Amino acid sequence: MAAPAMEGAAVSALRSVLHRVRAAAERSGRVSDHIRVVAVSKTKPVSLIRDVYDSGHRCFGENYVQELIDKAPQLPEDIEWHFVGHLQSNKVKSLLAAVPNLAMVQTVDNEKIANHLDRFVASIGRRPLNVLVQVNTSGEASKSGVEPSDCVELARHLKLSCPNLVFSGLMTIGMKDYTSTPENFKVLSNCRANVCSALGISEEQCELSMGMSGDFEQAIEMGSTSVRIGSTIFGPREYPKKQEH
Ligand SMILES: *Cc1c(COP(=O)(O)O)cnc(C)c1O
């Protein structure tokens, strides 16, 4: 395929992000190849995702079920989609059916949603689905994420009672306003220590998904293995945060 005459803004922004990821990994004595960059494309058009895909990137994230269901079939099947939004039980079936290349659900935060995912993965006969436990590390009241003290129990449930899911680690958003503090990263890292010792797994078997546009370098320095980056790659989002009409 012919190279575009001029590199698009999102492609050069991604390049700069990958460079910064590498530098942060090196500063903390880690290997940047082991750090996943999820390009969070919510609200952005398929054409822009395609540009970034054509530059070689394969890992993208969305946080609205319907938006992912609309976009995924318009894009190549070798994209690894990460679902990073709040997932309701009644959406699980349509999500799994429409997105066979769903690589991971990062936001499992209760047994009910875990059981739904497990059941539907089995019923459509797809390969096991990777999942992360979302942890509320802010101490603020929130409808998303288990309390840090409850993450071991949910991780154990996934590992022991959900044969069609692969417990792969922990995720946090940080504060309610989608910023994070070093304290949030510290809490998630402590959760990993607890989960690993309770389940008898090594830290390599328990990812930490933390860090977004504003703080991914610090998150990497504090142990993140997967960063979720939206606006720094795709530009600012143009809709009110909560809900359109
Ligand atoms: C939108 C979103 C991101 C990306 O946020 P940016 O600040 O634009 O990088 C990361 N994680 C989740 C869960 C999101 O919903």
Item to check | Candidates Asp177, Asp54, Asp150: whichever shows maximal mean-square fluctuation once the chain is modelled as a Gaussian network with Cα springs under 10 Å | outcome: Asp177
Checklist entry - Using the 10 angstrom Cβ neighbour count as an exposure proxy, how do Met222, Met171 rank, fewest first? => result Met222, Met171
Next on the checklist: Please report the projected area of the chain's Cα convex hull averaged over all directions, in nm².
Outcome noted: 13.4
Checklist outcome for this item: The long-range amide H neighbours of Gly61, using H built 1.01 Å from N in the peptide plane and a cut-off of under 5 Å, are Ala39, Val40, Ser41, His82
Checklist entry - Ranking Thr43, Thr137, Thr107 by Cβ neighbours within 10 Å, fewest first, what do you get? => result Thr43, Thr107, Thr137
Next on the checklist: Over the chain, with a Gaussian network built from C-alpha contacts below 10 Å, which listed residue (Val105, Val227, Val11) shows the highest mean-square fluctuation?
Outcome noted: Val11
Checklist entry - Among residues other than Lys112 whose Cβ falls under 15 Å from its Cβ, what is the net charge (Lys/Arg +1, Asp/Glu -1)? => result -1
Checklist entry - Toward the positive end of the charge dipole of the chain, about the Cα centre and with charges on Cβ (Lys, Arg +1; Asp, Glu -1), which of Met210, Ser89, Thr107 goes farthest? => result Ser89
Checklist entry - So which aspartates and glutamates can Lys159 reach, going by Cα to Cα under 16 Å and dropping same-chain residues fewer than 8 places off? => result Asp109, Glu111, Asp118, Asp150, Glu203, Glu204, Glu207
Checklist entry - If you add up the charges near Ala141, with Lys and Arg at +1 and Asp and Glu at -1, over every other residue whose beta carbon is less than 15 angstrom from its beta carbon, what do you get? => result -3
Item to check | Cross-link partners of Lys71 among lysines (Cα-Cα below 21 Å; sequence separation of 8 or more within a chain) | outcome: Lys42, Lys44, Lys91, Lys93, Lys241, Lys242
Item to check | Local electrostatic count at Asp51 - Lys and Arg +1, Asp and Glu -1, tallied over other residues with Cβ under 11 Å | outcome: 0
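Quick note: the coordinates plus some simple rules give every number you see, no bench work behind them. It should be emphasised that the depicted structure is a prediction, and the values quoted were computed from it without experimental measurement. Using ideal geometry, Cβ is built from the backbone for each residue, glycine included, and neighbour counts are taken over all protein chains shown.
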